[in-house]
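The values are calculated or read from the model by the stated rules, or taken from the named source; none is laboratory data. None of the values given here were measured: they were computed from a predicted structure. Here the Cβ is made from the backbone with ideal geometry for all residues, glycine too, and neighbour counts use every protein chain on show.
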C-alpha cells in the first residue's frame, strides 16, 4: 500500500519477476509489522494469564491508537507533499476546547445534538487553523516548519483565551458514554472512526488524482509546478484537510475523558511524525506509506501499554522504547541490502 | 544591463535603509528596556522604612492556567486588594522550571517591593532569590520549598500530614491487600514527588501486605494516564487502587477504569481538587482526593511581606528562614464534597475581576 514515485536505481535489475517471498521481504511495511507481531507475541506470553492479548486490553490498544492514527494520517500526507505541521497538537487542544464549550452549552438537548454541534465545532476550528497554516506557507512563502512552529504558539494562546486558561469542565457524561467509551461489536467507537478515516486516506492516496498530486509535489515541487499543478492551492487544501483531522482528534479526546486537557498533547505532533516515518513515509517527501503508518502507530501503542502490563519500571521503559525504535528502523534499511535478500531467501 | 544594475543598486540601497531603520528601532527598544530597568530598579517605595504606600509585589508561578495556581492568584489578588498593594501574577503556562526561573529573574529586574514564588521544583533558585533578599526585597515561597532555603518564609502543604488520610482511605479500599498503582506527573519534579514519597513508606509500614508499584509518569496528559491506567488494570489482576498525583492523571485514569468496566474492582484516589476531580467525586468515579489550600497560602504570603515591610522597610537585607509553615489539607470524598468545609479546599478557575 505504500506509494513510491521515484525509481530505486540501487536495486538489482532483474528480468524475472521477483518471488512472492522476495517481494514481501523488500516490502516497505513488512518489517514494521514483523516487529509489531514479535512484540505482541512476547507481551502475550510474558503477561499474567496472557492478558495482554485479552479482549479487554485489545480494546485498550484500539482506543489508545485512535487519536494517534488520525494525526498520523494528517502528518503522513503533509510529509508526503514535502511539508511539516508541528501545530497539530495545539490544533487538537483548541478544537477540543471549542468542542467542549459547545458540548457544555448543548447539554440539555440530548446526545445527537451534542455530537453534531461539538463535532462540527471541532472540525471547523481544526480546518480554520489548517487553512491559516496553509495560507502562511503558500502565500507568504514561510517554511512550513517555521510557520507551524509559530502557529503552535498562536493556537495554544488562543486555546488558553477561549478556555480562560483552564480545562473545560461540565462536558455532559452522555458524550463519554455514548461516543468515547462506546463500542460497536466490541470495537471502541473512536477507533472505528479513526480506522475508517485511515481507510479513506489510503483510498485517496491510491485511487485519486489528489493523492497522486500530493506525492508529485513532495517529489519535486518545481516539476509539479511546471506540469501545471496548482501547487499553492493544493498545499493550502491539504493543510486545511489535515487541520480538520486534528479537529476530529480533538472531538474524540473530549469524548474519551469528558474534559479537555490543555496541559497535554505537547508531544502529539512529534509522536505522529515518528509513527509515520517508522512506517515508511519519507521526511523528504514523495513517499507515503499509509499501511506502514498503521504499523508505526501500533508499535507505539503496544510499547506504551505492553511494558506496563508486564511490569517494567518506567525508567527502563524509556531505554527499551528507544532501542526498539532503532531496531525497527534498522531492519527497514537492512532488508534493502542485497546480503539480507540472499540471507532471507536462501 | 545598466537598468538592471540601477535596479539592483536601488534595491540594495532600500535594503540598507531598511536595515538602518531596523537597527535604530532595535537600539531604541533596548535603550528603553535598559532605562526602564534602571528607573524601576531604584523605585522601591518602602525604602524609607515602614512605608507601605504604593507597594508593588510580583507573584511568579509556573503552569499559571492550572486551577491550583489560579486559586493562588485569587488568594494573592484578594489580599493585595485589601491591603492596597499593586500585585502582578506572572509566569509560564507550562511546567517548565527553567522558564519559571527566567520569569522570576525578569520580574525581579523591574524592582518590585516584594516577590512571591510558587516554585514548580525547588532547585535552581539560589542565584535569583538570594541577591534580592540581600537587596532588601522580601521573597516568600508557596507550594514548594526552595533549596537552599533562601526565602524569608515558606507556606506549603505538610505532605506527611496529608498522607495520613490517604493511607487510611487506601487501607480501607484495599483492606490491606492487593496492588496499588501510582500515576505521577513527571520525573525530577519535587512538587509532584512530594505527593507520594511520604505516602508510599507510610502505606508500606501500615499495610505490609500491599504491593505498591513504582510510579508511572503521564506528563499531565490524560491520554497517557489513560494508557497507563488501562495497562495497570490489565497487568495486575489484584490491582485495587490507582493513586493519581494530580488532576489530568486522575481524569485519564477515571476514563480507563470506566472503559474497562473495572469500577467495582479498582478504585481511584488522587491528590488536588481541581474542578474535573470534583466532578469525578460527585459522580462516584473518584473515591477520595486531597484538597490543598493554595488560596490561603498565597494570601498569607502577601500578608507576610506586607507586615515585614511595615516594620522594617527595605533598607537592610531580609533574613532568610528555613522554617516551613504548613497550610491545611482536607481529604475530599463523595460524602463531604458538598459541605461548606470542603468548599474552601476546592480550586477555582477564575478570580474576582477576571
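Within the range A:155-177, which residues are outside any loop (DSSP other than H, G, I, E, B) and at the interface with chain B (Cβ under 10 Å from one of its Cβ atoms)? Give the derivation first.
Initial filter on the range A:155-177 (outside any loop (DSSP other than H, G, I, E, B)): A:155-162, A:173-177.
Residues satisfying the conditions are A:156, A:157, A:159, A:160, A:173, A:176, A:177.
Could you list, in sequence order, the residues of the range A:266-277 that are assigned to a helix (DSSP H, G or I) and either without any contact (Cβ under 8 Å) to a residue 12 or more places away in the chain or surrounded by fewer than 24 Cβ atoms within 10 Å (Cβ to Cβ) (or both)? Before the answer, list the steps.
Kept after step one, since they are assigned to a helix (DSSP H, G or I), are these residues of the range A:266-277: A:268-277.
The answer is A:270, A:271, A:273, A:274, A:277.
Scanning for something assigned to a helix (DSSP H, G or I) and modelled with pLDDT of 50 or more, does the range B:46-68 turn up at least one residue?
Within the range B:46-68, one or more residues are assigned to a helix (DSSP H, G or I) and modelled with pLDDT of 50 or more.
I need the strands (runs of 3 or more DSSP E) fully contained in the range B:221-310, keeping only those with at least 1 residues that are free of Cβ contacts under 8 Å to residues at least 60 places away in the same chain and within 10 Å of chain A (Cβ to nearest Cβ).
none
Does residue B:276 count as within 22 Å of residue A:260 (Cβ to Cβ) and at pLDDT 95 or above?
no
Limited to the range B:329-340, what total is found for residues that are outside any loop (DSSP other than H, G, I, E, B) and within 19 Å of residue B:68 (Cβ to Cβ)?
Qualifying residue count for the region: 3.
Taking the options A:186, A:165, A:199, name whichever one is surrounded by fewer than 15 Cβ atoms within 10 Å (Cβ to Cβ) and in contact with a helix residue (DSSP H, G or I) (Cβ under 8 Å, 6 or more places away or on another chain).
On the way: A:165 fails: surrounded by fewer than 15 Cβ atoms within 10 Å (Cβ to Cβ); A:199 fails: in contact with a helix residue (DSSP H, G or I) (Cβ under 8 Å, 6 or more places away or on another chain).
Only one candidate qualifies: A:186.
Only one of A:205, A:212 is part of a helix (DSSP H, G or I), within 18 Å of the chain's Cα centre (by Cα) and over 30 Å from residue B:93 (Cα atoms). Can you tell me which?
After applying the criteria, what remains is A:205.
Taking the range B:69-81 as the region of interest, how many residues are over 12 Å from the mean Cα position of the chain (by Cα) and within 14 Å of another protein chain (Cβ to nearest Cβ)?
Looking only at that region, the number is 1.
Identify, please: which residue in the range B:110-128 is within 20 Å of residue B:85 (Cβ to Cβ) and within 18 Å of the chain's Cα centre (by Cα) and is, among those, surrounded by the fewest Cβ atoms within 10 Å (Cβ to Cβ)?
B:115
Identify all residues within the range B:82-100 that are touching a strand residue (DSSP E or B) at 6+ places or on another chain (Cβ under 8 Å) and more than 14 Å from every other protein chain (Cβ to nearest Cβ); write none if there are none.
B:85, B:86, B:87, B:88, B:100
Of all the residues that make up the range A:153-162, how many are crowded, with 20+ Cβ neighbours inside 10 Å and at pLDDT 95 or above? So that I can check it myself, show each step before the final result.
First pass over the range A:153-162, keeping only residues crowded, with 20+ Cβ neighbours inside 10 Å: A:155-156, A:159.
Those still in the list that are at pLDDT 95 or above too: A:155.
The number of residues fulfilling the criteria is 1.
Confirm whether residue A:145 is more than 9 Å from chain B (Cβ to nearest Cβ), in contact (Cβ under 8 Å) with a residue 40 or more places away in the chain, under 26 Å from residue A:131 (Cβ atoms) and surrounded by fewer than 17 Cβ atoms within 10 Å (Cβ to Cβ). Talk me through it step by step, then tell me what you get.
On the way: more than 9 Å from chain B (Cβ to nearest Cβ): yes; in contact (Cβ under 8 Å) with a residue 40 or more places away in the chain: yes; under 26 Å from residue A:131 (Cβ atoms): yes; surrounded by fewer than 17 Cβ atoms within 10 Å (Cβ to Cβ): yes.
Criteria met by residue A:145.
If we keep just the residues of the range B:146-156 that are within 20 Å of residue B:70 (Cα to Cα) and in contact with a helix residue (DSSP H, G or I) (Cβ under 8 Å, 6 or more places away or on another chain), which is surrounded by the fewest Cβ atoms within 10 Å (Cβ to Cβ)? Break it down into steps so the answer makes sense when it comes.
First, pick out the residues of the range B:146-156 that are within 20 Å of residue B:70 (Cα to Cα): B:154-156.
Remaining after also requiring in contact with a helix residue (DSSP H, G or I) (Cβ under 8 Å, 6 or more places away or on another chain): B:155-156.
Numbers: B:155: 24, B:156: 20.
Looking at the filtered set, the residue picked out is B:156.
Residue B:181: under 26 Å from the mean Cα position of the chain (by Cα), modelled with pLDDT of 95 or more, at the interface with chain A (Cβ under 10 Å from one of its Cβ atoms) and assigned to a strand (DSSP E or B), yes or no?
It is true that residue B:181 is under 26 Å from the mean Cα position of the chain (by Cα), modelled with pLDDT of 95 or more, at the interface with chain A (Cβ under 10 Å from one of its Cβ atoms) and assigned to a strand (DSSP E or B).
Can you spot a residue in the range A:213-224 that is in contact with a helix residue (DSSP H, G or I) (Cβ under 7 Å, 6 or more places away or on another chain) and within 30 Å of residue A:179 (Cα to Cα)?
The answer is no, given that none of the residues of the range A:213-224 is in contact with a helix residue (DSSP H, G or I) (Cβ under 7 Å, 6 or more places away or on another chain) and within 30 Å of residue A:179 (Cα to Cα).
Looking at (1) closer than 22 Å to residue A:198 by Cβ; (2) buried (at least 24 other Cβ atoms within 10 Å of the Cβ); (3) out of contact with any strand residue (DSSP E or B) (no Cβ under 9 Å at 6 or more places or on another chain); (4) more than 14 Å from chain B (Cβ to nearest Cβ), which is the only condition residue A:79 fails?
(3)
It is to be established whether one or more residues within the range A:186-197 are away from chain B (no Cβ under 12 Å), in contact (Cβ under 8 Å) with a residue 40 or more places away in the chain, more than 30 Å from residue B:252 (Cβ to Cβ) and over 20 Å from the mean Cα position of the chain (by Cα).
Just the residues of the range A:186-197 that are away from chain B (no Cβ under 12 Å), to begin with: A:186-187, A:192-197.
From the residues that got through so far, the ones that are in contact (Cβ under 8 Å) with a residue 40 or more places away in the chain too are A:186-187, A:193-195, A:197.
Filter again for more than 30 Å from residue B:252 (Cβ to Cβ), leaving none.
Checked the range A:186-197: no residue is away from chain B (no Cβ under 12 Å), in contact (Cβ under 8 Å) with a residue 40 or more places away in the chain, more than 30 Å from residue B:252 (Cβ to Cβ) and over 20 Å from the mean Cα position of the chain (by Cα).
Of all residues being more than 20 Å from residue A:267 (Cα to Cα) and assigned to a loop (DSSP other than H, G, I, E, B) in the range B:202-220, which is nearest to the other protein chains (Cβ to nearest Cβ)? Just the residue, please.
Applying the filter and picking the extreme gives B:214.
Take the conditions within 12 Å of another protein chain (Cβ to nearest Cβ) and under 27 Å from residue A:323 (Cα atoms) and apply them to residue A:92. Does it pass?
No; evaluated as a whole, the condition is false for this residue.
With A:112, A:99 as the choices, which residue is buried (at least 24 other Cβ atoms within 10 Å of the Cβ), away from every other protein chain (no Cβ under 14 Å) and assigned to a helix (DSSP H, G or I)?
One residue alone meets the criteria, A:99.
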